[in-house]
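Enquirer: Can you read through this structure? Questions will come right after.
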Amino acid sequence: MDGYNFAYLDEQTKRMIRRAILKAVAIPGYQVPFGSREMPLPYGWGTGGIQVTAGVIGQDDVLKVIDQGADDTTNAVSIRRFFARTTGVKTTEKTTEATLIQTRHRIPERPLSEGQILVYQVPIPEPLRWLEPRETETRKMHALQEYGIMHVKLYEDIARFGRIATSYDYPVVVNDRYLMKPSPIPKFDNPKMDNMPALQLFGAGREKRIYAIPPYTKVKSLDFDDHPFEIQQWDENCALCGSENSYLDEVVMDDQGGRMFVCSDTDHCESRQSDGHVGPMGTQQAAE
Amino acid sequence: MNRPTPLLSVQDLGKSYGPHLGCTDVSFDLWPGEVLGIVGESGSGKTTLMNCLSAQIEPTCGKVIYDTRMDGARDIFDMSESERRLLMRTDWGLVKQNPRDGLRLGVSAGANVGERLMAVGARHYGDIRNVANDWLKKVEIDVGRIDNPPSTFSGGMQQRLQIARNLVTEPRLVFMDEPTGGLDVSVQARLLDLLRGLVNRLGLSVVIVTHDLAVARLLAHRLMVMKDGRVVEQGLTDQVLDDPQHAYTQLLVSSILQP
Ligand SMILES: Nc1ncnc2c1ncn2[C@@H]1O[C@H](COP(=O)(O)OP(=O)(O)OP(=O)(O)O)[C@@H](O)[C@H]1O
Ligand SMILES: [Mg+2]
């Protein structure tokens, strides 16, 4: 593309980002500061994730971008188009075809494999921020592994709701060492981070932080002995593909209050349907 | 032979703020179960001394030796920061004058009491809650308030909650800077009663800063009188208050303590 360097950022900036990523991979879960650049998108649109993606993307990569599990939302479409224009790489909606996946709010249902990279967009990277506004103090708490306090938050949940009600951005400990916010993915996705064969990279643009979970790294969700970590569950299966174990979104179908539950991961749902899986609504549609 | 060791031993402690003197030449031993009162007029260096003893600030010179449970006598400023911070939230308590500085106002009373337990690894919600319940009872807070935030508590309740929050790990040494400072007289009396009971029952060692000699009389076994950053007199509380030797103490006693 004329007028732009490959992946928009200049080579020096990309090198700086790669150095931060290498450090992040070397210290799993540790937040590495980096010199976040102005991107042609506003904060909140995933500028941190975009910079990480720009830092690692190569000519041969195949890029997938998802937002809440879907490839076709405005946010996902504009990021995908941005990289298509500035790199010319192939893009895809298929999890299996992608070598590089940038995500906001979900981890694909289909297990990722070695060689794939998952890039998360992170709005607030610091898990201790809610109780400690001072950066110097949170750094010290990380350095000294003073994390017991995080359970105060879970305690409050149980005291108020009878269970741990936190359902997004659920705190984890990486590699038995660093406390980490996984970005606002549903806690349903937390177990997928544990021992994942793919490399996981996290980018926070506004707060200028990069962190990482290398392949096959232990990721543990915080909990209490008598209130163990649990993921969301649904009484229904996916209405379209019949999946019993994917994260479901509730979709309103008409103004008579008709609704159905469908996979939030659209690629997963479509792949299953084309493999012949059919949910209750899918059957009806096919019969008509 | 098993000679008793002081819990806290302070040697030639001094703190300057640049050219300005905070406190100087302070030495004393604090024994297990002993309550030491630090009195003196405003600006005499009480808070400075207390902050050095409790490792809130680093002294300019001198030593603060603490008889740790694990390794015996250690200079607290030779410890690693993590050792020192662990000590501060397990074997020590720190009760601030303004409970708002010593409490987490955004979370419930139960979480305030349970925090230290969680910080040292408690991971059973039910157990933490039971201990929090017990402590609320011990400091005379209605257990029905366990899930309320301390911002809905009166000043006296907040101060009692702060005490519970500190004592939950069964510390051996508690620092208090004007713990009754901001309270009404009747509320003060109740808090002092409670404190005295707890100190006796738990065998706590306490360093308490106050400019109120009545508080000192009620709680402290021994008194240290400070003026212009120096200790001008120390001794048993009754001796110091009933038979002050130093002219400044005499002035202090006559001006404040008119029985
Ligand atoms: N951070 C600081 N920087 C400079 N000087 C200070 C600082 N803190 C205290 N001082 C000075 O050190 C001296 C001792 O102050 P300190 O606060 O210890 O007294 P105090 O006995 O606690 O007084 P009060 O009864 O008013 O609380 C005072 O002269 C004070 O102005
Ligand atoms: Mg003071």
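The values are calculated or read from the model by the stated rules, or taken from the named source; none is laboratory data. In this text the structure is predicted, and so the values were computed from the model without any measurement. Cβ placement follows ideal geometry from the backbone for every residue including glycine, while neighbour counts extend to all protein chains displayed. Accessible surface areas use protein heavy atoms only, side chains included; no ligands, DNA or RNA. Shrake-Rupley method; radii C 1.70, N 1.55, O 1.52, S 1.80 Å.
Enquirer: Nearest 500 deg cm²/dmol is fine: what mean residue ellipticity at 222 nm does chain B get from its DSSP H runs of n ≥ 4 alone, each adding -39,500 (n - 2.57), divided by its residue count?
Expert: It lands at -11000 deg cm²/dmol.
Enquirer: For the stretch A:233-282, count the residues as N, evaluate 2.2 N^0.38 Å, and divide the Cα radius of gyration by that value, please.
Expert: 1.07
Enquirer: For the protein assembly as shown, which whole percent of the accessible surface, found with a 1.4 angstrom probe, sits on carbon and sulfur atoms?
Expert: 49
Enquirer: State, as an integer percentage, the relative contact order of the stretch B:27-91 based on alpha-carbon contacts under 8 Å between residues 6 or more apart.
Expert: Taking the mean separation of contacting Cα pairs over the length of the stretch B:27-91, I get 16 percent.
Enquirer: So what's the protein assembly as shown giving for Cα Rg divided by 2.2 N^0.38 Å, two decimals?
Expert: Computed over Cα atoms of the protein assembly as shown, the ratio equals 1.25.
Enquirer: Give or take rounding to whole Å, what are the principal axis extents of the alpha carbon atoms in the stretch B:99-170, in descending order?
Expert: So the extents along the principal axes, rounded to whole Å, are 30, 23, 21.
Enquirer: Counting pairs of alpha carbon atoms under 8 Å apart in space and at least six apart in sequence, what relative contact order in percent does chain A give?
Expert: So the answer I get is 21 percent.
Enquirer: Between residue A:124 and residue B:21, how high is the FRET efficiency from 1/(1 + (r/R0)^6) when r is the Cβ-Cβ distance and R₀ = 51 Å? Nearest 0.05.
Expert: 0.70
Enquirer: I want to verify a result. In a Gaussian network model of chain A, Cα cutoff 10 Å, which of these has the top mean-square fluctuation: A:219, A:278, A:52?
Expert: A:278
Enquirer: If you count, for each residue, the other Cβ atoms within 10 Å and average over each peptide, how do B:142-149, A:101-108 line up from highest to lowest?
Expert: Working: B:142-149: 14.6, A:101-108: 24.1.
Per-residue Cβ counts within 10 Å, averaged per peptide and sorted highest first, yield A:101-108, B:142-149.
Enquirer: What does the average come to when, for each residue of peptide B:113-126, you count the partner chain Cβ atoms lying within 10 Å of its Cβ?
Expert: Other-chain Cβ atoms within 10 Å of each residue's Cβ, averaged: 5.
Enquirer: Leaving ligands and nucleic acids out of the surface, order A:241, B:61 by accessible area at 1.4 Å, largest first.
Expert: Working: A:241 0, B:61 65 Å².
Solvent-accessible surface, decreasing: B:61, A:241.
Enquirer: Additional query: What net charge do the residues around residue A:68 carry, taking every other residue with its C-beta under 10 Å from that of residue A:68, with Lys and Arg at +1 and Asp and Glu at -1?
Expert: -1
Enquirer: Which of B:224, B:157, B:70 moves most in a GNM of chain B, Cα contacts under 10 Å?
Expert: B:70
Enquirer: Summing Lys, Arg as +1 and Asp, Glu as -1, what charge do residues with Cβ under 9 Å from the Cβ of residue B:246 carry, residue B:246 excluded? Please list the in-between numbers first.
Expert: On the way: positive: B:227; negative: B:233.
Spelling it out: positives minus negatives among the neighbours equals 0.
Enquirer: Which whole-percent values make up P(r) of chain B when all C-alpha to C-alpha distances are grouped in 10 Å steps starting at zero?
Expert: For chain B, the pair-distance distribution reads 7, 30, 35, 22, 6, 0.
Enquirer: Counting pairwise Cα distances across the stretch A:51-150, what percent come out greater than 23 angstrom?
Expert: The proportion of pairs with Cα distances above 23 Å equals 40 percent.
Enquirer: How large is the helix-only mean residue ellipticity at 222 nm for chain A, computed as the sum of -39500 (n - 2.57) over DSSP H runs with n ≥ 4, divided by its residue count, in deg cm²/dmol to the nearest 500?
Expert: On the way: 8 runs with 82 residues, N = 288.
Theoretical 222 nm ellipticity from helices: -8500 deg cm²/dmol.
Enquirer: Now a separate question. Total accessible area buried between chains B and A, 1.4 Å probe, in Å² to the nearest 100?
Expert: In total, chains B and A hide about 1800 Å² from solvent.
Enquirer: Ok, one more. Please state, to two decimals, what the Cα-based radius of gyration of the stretch A:164-288 comes to when divided by 2.2 N^0.38 Å (N = residues).
Expert: 1.29
Enquirer: Could I ask something else about it? If I take every Cα pair under 8 Å that is 6 or more residues apart in the stretch B:1-129, average their sequence separation and divide by the length, what percent do I get for the relative contact order?
Expert: Result for the stretch B:1-129 is 20 percent.
Enquirer: Let me check I've understood the local charge: for residue A:89, count other residues with C-beta under 14 angstrom from its C-beta, Lys and Arg +1, Asp and Glu -1. What total comes out? Can you show the working numbers first?
Expert: Working: positive: A:64, A:80, A:81, A:85, A:90; negative: A:60, A:61, A:97.
Spelling it out: positives minus negatives among the neighbours equals +2.
Enquirer: Turning to a different aspect of this structure: Where the centre of each part is set by its Cα atoms, how far does the stretch A:59-74 sit from the stretch A:99-130, in angstrom?
Expert: Each part's Cα centre sits 12 Å from the other's.
Enquirer: Another question, if that's okay. Place a label point 7 angstrom from the Cα of residue B:31 along the Cα-to-Cβ direction, then list the residues of the stretch B:219-235 whose backbone nitrogen is under 15 Å away.
Expert: From the stretch B:219-235, the list is B:221-223, B:235.
Enquirer: Other chains' Cβ within 10 Å of A:152-163 residues: what's the mean?
Expert: Per residue, the average neighbour count from other chains is 5.
Enquirer: Let me ask another. For chain A, what is one quarter of the convex hull surface built on the Cα atoms, given in nm²?
Expert: 17.3
Enquirer: While we're here: When you count, for each residue, the other Cβ atoms within 10 Å and take the mean per peptide, how do B:241-252, A:133-144 rank with the highest first?
Expert: B:241-252, A:133-144
Enquirer: Separate question: Could you identify which residue out of A:173, A:56, A:252 has the top mean-square fluctuation in a GNM of chain A using Cα springs shorter than 10 Å?
Expert: A:252
Enquirer: I'd like to check one number: the per residue accessible area of the protein assembly as shown, probe 1.4 Å, reported in Å² as a whole number.
Expert: 45
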